[in-house]
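The values are calculated or read from the model by the stated rules, or taken from the named source; none is laboratory data. These figures come from a predicted structure and were not determined experimentally. Cβ atoms come from the backbone with ideal geometry, glycine included; neighbour counts cover every protein chain shown. Heads up: the accessible areas ignore ligands, DNA and RNA and are worked out on the full protein's heavy atoms, side chains in. Shrake-Rupley method; radii C 1.70, N 1.55, O 1.52, S 1.80 Å.
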Amino acid sequence: PDELSAGQALITAEKGIREAAVLLQAGETVAFPTETVYGLGADARSTKAVEAVFAAKGRPSDNPLIVHISDAAQLKGMVAEINDTVRALMNTFWPGPLTIVLPVVPQALSSRVTAGLDTVGVRMPDHPIALRLITEAGCPLAAPSANRSGRPSPTLAQHVLEDLEGRIGGILDGGPTGVGLESTVVQVGDDGTVTILRPGGVTAEQLATVARSVVLDPALADTHGQDADSLAPRSPGMKYTHYAPRGRLSVVQGPSSGEVTGWIRTALAEATARGERTAVLAFDDHAASYAGERVYTLGKLDALHEAAQRLYSVLRRCDEDGVTYILAEACPPKGLGDAVMNRLLKAAGHRIIRL
Ligand code: TXA
Ligand code: MG
């Protein structure tokens, strides 16, 4: 009986993929799961379809969309040049959470996808439903994260429904996404230098196994505690405040976990006394220090993929629970911690308390 129900589930998924592909071919938008977050897809060649994506999300039109492919052959006629480093990145990390910004062939895609830039960000998602959908639709899919602009990216079909119900053609439900944070966006120089424009599922350490030199876009320096306000980010999306919960969120960083937990406990008690509805985003390692508080756990500090998976749904929970004052423990910006801190700081409007 198990095999039978598994078989039936497969048939349902196949039917869903076919229906979704038909909608996409008709110029409609469809949300679909990827290994990072849910995307809101549209035929990247159709200006009308792409405009429907911007409209559904309420996204600023100067923020370009990522194009998703299921086969490297789709790059032919779409991007102008692929050097050895780019080829090596594709071979190593595709399918996977790496978006590569490449020179675009004029007219190959709707100019709305690239927001008028002469480059396009491309990735091959590592998710069976996404890959099948792209192949079945027979076109590259422009797909930003399937949230309303300014909301946390969706890691469940339910999150897409909350944000976009009635505004899009459909949603393919593939269950929870894997990575939980968006892809890493990189640009590769003529000399093979890989610049990280947005940290994500593929870490700097992983990129360095393939590329001779990996650097962070200076506009991302805030992840490491410097002031980046004066620098223009090369990835237009990085200039917007994203993922902000309605409550006031601050990130707390300190010399030792004891000092951080102690400071947070005091601050929460004071905020509660002022009449705030408080919460703390804490790693499992310290959760017990906050007995009696509203604690959202981010998993273990030495397993930051858990924090990545949970962060966006935790931020949504903050809103659902109506919390007004939120403190989050910082994590070391190494490995996936780079992407986790980047999103956490953006959600906090870069409010960081250094003890
Ligand atoms: O994991 C992901 O990347 C998800 C899933 C759905 O694939 N997509 C996603 O898309 O996060 P979106 O639109 O929310 O973020 C795209 C980011 C933005 O920061 C945008 O500015 C940047 O990629 N980007 C896109 N095209 C670019 C380009 N030509 N040059 C520089 N940055 C670009
Ligand atoms: Mg997004």
Which is surrounded by fewer than 15 Cβ atoms within 10 Å (Cβ to Cβ), over 13 Å from Glu35 (Cα atoms) and more than 11 Å from ligand 1 (Cβ to nearest atom), of Arg212, Arg132?
Arg212
Every pair of residues 6+ apart whose Cβ atoms lie under 9 Å, when the first sits in the stretch 172-194 and is among the charged types (D, E, K, R) and more than 16 Å from ligand 2 (Cβ to nearest atom) while the second is part of a loop (DSSP other than H, G, I, E, B) and open to solvent by 20 Å² or more (accessible area, probe 1.4 Å):
Asp173/Leu156; Asp190/Asn83; Asp191/Arg212
Scan of the stretch 193-229 for residues that are more than 27 Å from Leu40 (Cα to Cα), modelled with pLDDT of 95 or more and in contact with a helix residue (DSSP H, G or I) (Cβ under 6 Å, 6 or more places away or on another chain), ordered by number:
Val194, Val210, Ala211, Val214
Is it the case that Thr99 is modelled with pLDDT of 95 or more, over 14 Å from Ile69 (Cα atoms) and in contact with a strand residue (DSSP E or B) (Cβ under 6 Å, 6 or more places away or on another chain)?
no
In the stretch 49-63, how many are within 14 Å of Gly116 (Cα to Cα) and modelled with pLDDT under 95?
4
Inside the stretch 140-199, the number of residues satisfying the requirement of being closer than 23 Å to Arg310 by Cβ, open to solvent by 30 Å² or more (accessible area, probe 1.4 Å) and hydrophobic (A, V, I, L, M, F, W, C) is 4
